[in-house]
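A.B. asks: Shown below is the structure under consideration.
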Amino acid sequence: MNIQAKKSKAEEYPCELLLLLSFESPEWLEGPIQAVDHQWKGFVSTLIKDGDFKGELFESRLFYTQGAIPAKRVLLTGLGKKGEFSLEKWRGAASKAGQFLRNLGIKQFVFPIKKINGFSEEELAESFVTGLLLGVYQFNEFKTLERDKIKEIEGLVLLGEGDEEIKWINDGMRTGKIISDGVYMARDLVNGPSNEVTPTVLAKKAQQIAKEYQMKLEIYDVNEVEAMGMGAFVAVAKGSQEPGKFIIIEYNQGKGLDTIALVGKGITFDSGGISIKPSENMERMKDDMSGAAAVLATLQVASQLRIPLHLVGIIPATENLPSGKAYKPGDILKTLSGQTVEVISTDAEGRLILSDALTYSLRYKPKAIIDLATLTGACVVALGDYVVGLFGNEELLLKKIEEASVMAGERSWRMPLWDEYFEYLKSDVADFKNVGTRAAGAIIGAIFLSKFVEKIPWAHLDIAGPASIEKERPYIPRGGTGVGVRLLVQLLRDWK
Ligand code: BES
Ligand code: ZN
Ligand code: ZN
């Protein structure tokens, strides 16, 4: 979608369609909608007064202006009550309006941006563009039939009244576009099937990003990391014919900046291995690399936004399959940390590959380590499918993540990591087991990971629920969501 900012007024700008957002039953009209109403002989205020358009959240109605203003059509979309306004609702309204127009076959539209409820033009432009782009996302790569029926909005013009406003709008628009591009990339990788999105393809994607944005890249194959001592990652990877890849992508905006390690689970397909999963819904396990996708996208966005940090993205990527070479329940693995693990279930593979990746991250002496993983079904049971389970060993880092999570509209909920939970992982034959009880499954998974980060501030985001969704949300269509990208980008933008 081509997006640009232009200096003009809504009531003066000729276009196919003008979008106006309105609060619910407002006492008076404010901003661009007021000027349009005036020009349009009170059409909008009459509609609202007579109750034909209430402005309820996401309510959308299309009108022909019949020459009253230069815009041929107007779409009115509701923002809900003024007192309950948030950027999250603004993003939702942008998306709902965009979906409405797209489904109607509208190709171009215009939207005036002016401060409301204390939010700046820059914030509003960023959130509008983000909500709109994320809301109209579609994954059509593999559809060959009736491609001519696929509808897309091609252009958006954001209007601002003065030169200064235009500058703010341009800045916000650019940020929104960069972030949405990152989320699109993550969603495409998650939606892509495992026969297409293999560990090799993830490595290629990392290579492409590293080249385009001048980042450092290291890709190790299974033999190389075996020599380094990554017994846990190697055990999982060796069950598959598809070669595993250990990917490190590094972005540095300058000298002496804080180092943050971002670790993403990159299981491109999780069959469960020898502890094989039931076949029902197994197709969903192509999304088991959502953490990896989010890490790659975050690095891309961070470098485009020139966020002043040193970021190290670490992605252990492999399939988890049963075969004659697969690791087995009862096997004892030696991790890169030196600690040994008794395998109880080969389906608890995420924590195994992550354990080596977390240990590896320590060599960068990071100020913080954050891992993202579709780690446990238990987290979905606990929190449902739109909340990230948040675990960690340091209050300050967790607080920052919680703030970023609210700002980004990617909900998270804090979970405990009390020592008592470690009891469940005690093993008779090794340092610990890879599985405890079914009860508290998400916490036990997190406790396992905590044994590999030493004393470095660390947070674990269990994204098993929100990584891909069955029921759409205002600006998140069904399927892969790209969850974590906007949360991490917000965290990194606000770092310090
Ligand atoms: N990838 C799964 C977790 C998962 C399950 C993500 C459902 C999304 C939806 C993970 O590797 C797994 O299989 N975990 C096991 C752990 C158990 C064996 C301790 C689980 O959650 O059942
Ligand atoms: Zn598994
Ligand atoms: Zn898994």
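The values are calculated or read from the model by the stated rules, or taken from the named source; none is laboratory data. A quick note: this is a predicted structure, and the numbers were derived from the prediction, not measured. For neighbour counting, all protein chains shown are included, and Cβ atoms are generated from backbone atoms with ideal geometry for every residue, glycine included. To get the accessible areas, we keep the full protein, side chains included, count just its heavy atoms, and leave off ligands, DNA and RNA. Shrake-Rupley method; radii C 1.70, N 1.55, O 1.52, S 1.80 Å.
A.B. asks: If I go through region 330-356 residue by residue, how many of them are near ligand 1 (Cβ under 10 Å from one of its atoms), hydrophobic (A, V, I, L, M, F, W, C) and either farther than 21 Å from G377 by Cα or open to solvent by 30 Å² or more (accessible area, probe 1.4 Å) (or both)?
C.D. replies: 1
A.B. asks: Starting from region 301-324, keep only residues that are among the charged types (D, E, K, R), then list their pairs with residues that are surrounded by 19 or more Cβ atoms within 10 Å (Cβ to Cβ) and not in a loop (DSSP other than H, G, I, E, B) whose Cβ atoms are within a distance under 9 Å, requiring at least 6 positions of separation or different chains.
C.D. replies: Filtered contacts from region 301-324: E319/P199; E319/V236; E319/A237; E319/I267; E319/T268; E319/F269; E319/D270.
A.B. asks: Continuing with this model, one more query. Working only within region 2-41, note down all residues that are of a type in the set (G, A, S) and under 17 Å from F63 (Cα atoms). Before you say what the answer is, go through the steps one by one.
C.D. replies: We begin by selecting, within region 2-41, every residue of a type in the set (G, A, S); these are 5, 8, 10, 22, 25, 31, 35.
Of everything in region 2-41, those that are of a type in the set (G, A, S) and under 17 Å from F63 (Cα atoms) turn out to be A10, S22, A35.
A.B. asks: What pairs come out if I take residues in region 431-448 that are without any contact (Cβ under 8 Å) to a residue 24 or more places away in the chain and of a type outside the set (V, I, T) and pair them with residues that are outside any loop (DSSP other than H, G, I, E, B) and near ligand 1 (Cβ under 8 Å from one of its atoms) whose C-beta lies under 6 Å away, six or more apart or interchain?
C.D. replies: Close Cβ pairs (under 6 Å, with a partner that is outside any loop (DSSP other than H, G, I, E, B) and near ligand 1 (Cβ under 8 Å from one of its atoms)) amount to G436/I444.
A.B. asks: Checking V435 against (1) open to solvent by less than 20 Å² (accessible area, probe 1.4 Å); (2) within 16 Å of ligand 3 (Cβ to nearest atom); (3) not small (G, A, S), only one condition comes out false. Which one?
C.D. replies: The one condition V435 does not meet is (1).
A.B. asks: Would you pick out the residues in region 123-148 that are open to solvent by 60 Å² or more (accessible area, probe 1.4 Å) and either within 17 Å of I3 (Cβ to Cβ) or part of a helix (DSSP H, G or I) (or both)?
C.D. replies: Within region 123-148, the first condition is being open to solvent by 60 Å² or more (accessible area, probe 1.4 Å), and the residues that meet it are 123, 138, 141-148.
Those that are open to solvent by 60 Å² or more (accessible area, probe 1.4 Å) and either within 17 Å of I3 (Cβ to Cβ) or part of a helix (DSSP H, G or I) (or both): E123, R147, D148.
A.B. asks: Being within 21 Å of the chain's Cα centre (by Cα), of a type outside the set (D, E), more than 15 Å from ligand 1 (Cβ to nearest atom) and surrounded by 20 or more Cβ atoms within 10 Å (Cβ to Cβ) narrows it down to one residue among A373, A368; which is it? Before the answer, list the steps.
C.D. replies: Details: A373 fails: more than 15 Å from ligand 1 (Cβ to nearest atom).
Criteria check complete, one pass: A368.
A.B. asks: Taking strands (runs of 3 or more DSSP E) that do not extend beyond region 1-88, which have at least 2 residues that are in contact (Cβ under 8 Å) with a residue 60 or more places away in the chain and not aromatic (F, W, Y)?
C.D. replies: On the way: elements: 2-7, 15-22, 60-64, 71-78.
Output list reads 2-7, 15-22.
A.B. asks: What about E454, is it without any contact (Cβ under 8 Å) to a residue 40 or more places away in the chain and either within 15 Å of the chain's Cα centre (by Cα) or open to solvent by 20 Å² or more (accessible area, probe 1.4 Å) (or both)?
C.D. replies: Values: without any contact (Cβ under 8 Å) to a residue 40 or more places away in the chain: no; either within 15 Å of the chain's Cα centre (by Cα) or open to solvent by 20 Å² or more (accessible area, probe 1.4 Å) (or both): yes.
Judged against the criteria, E454 is not a match.
A.B. asks: Right, something else. Having 2 or more residues that are within 16 Å of ligand 1 (Cβ to nearest atom) and more than 16 Å from G182 (Cα to Cα) is the bar; report the helices (runs of 4 or more DSSP H) wholly within region 193-307 that clear it. Can you show your working first?
C.D. replies: Details: elements: 199-212, 222-228, 231-237, 290-304.
Per the criteria, 231-237.
A.B. asks: Taking the residues in region 229-287 that are among the polar types (S, T, N, Q) and within 16 Å of ligand 2 (Cβ to nearest atom) as candidates, determine which candidate is surrounded by the most Cβ atoms within 10 Å (Cβ to Cβ).
C.D. replies: To start, the set of residues in region 229-287 that are among the polar types (S, T, N, Q) comprises 240-241, 252-253, 259, 268, 271, 275, 279, 281.
Subset that is within 16 Å of ligand 2 (Cβ to nearest atom): 240, 268, 271, 275, 279, 281.
On the way: S240: 23, T268: 30, S271: 24, S275: 19, S279: 8, N281: 8.
Filtering region 229-287 for residues that are among the polar types (S, T, N, Q) and within 16 Å of ligand 2 (Cβ to nearest atom), the one surrounded by the most Cβ atoms within 10 Å (Cβ to Cβ) comes out as T268.
A.B. asks: Here are the criteria: (1) closer than 25 Å to I178 by Cβ; (2) among the small types (G, A, S); (3) within 16 Å of ligand 2 (Cβ to nearest atom). Tell me which single one G313 does not satisfy.
C.D. replies: In the conditions (1) closer than 25 Å to I178 by Cβ; (2) among the small types (G, A, S); (3) within 16 Å of ligand 2 (Cβ to nearest atom), G313 misses (3) alone.
A.B. asks: Continuing with the same structure: Within the group K205, K211, which residue is out of contact with any Gly (no Cβ under 9 Å at 6 or more places or on another chain) and in contact (Cβ under 8 Å) with a residue 24 or more places away in the chain? Steps first, answer last, please.
C.D. replies: Working: K211 fails: in contact (Cβ under 8 Å) with a residue 24 or more places away in the chain.
Answer to the selection: K205.
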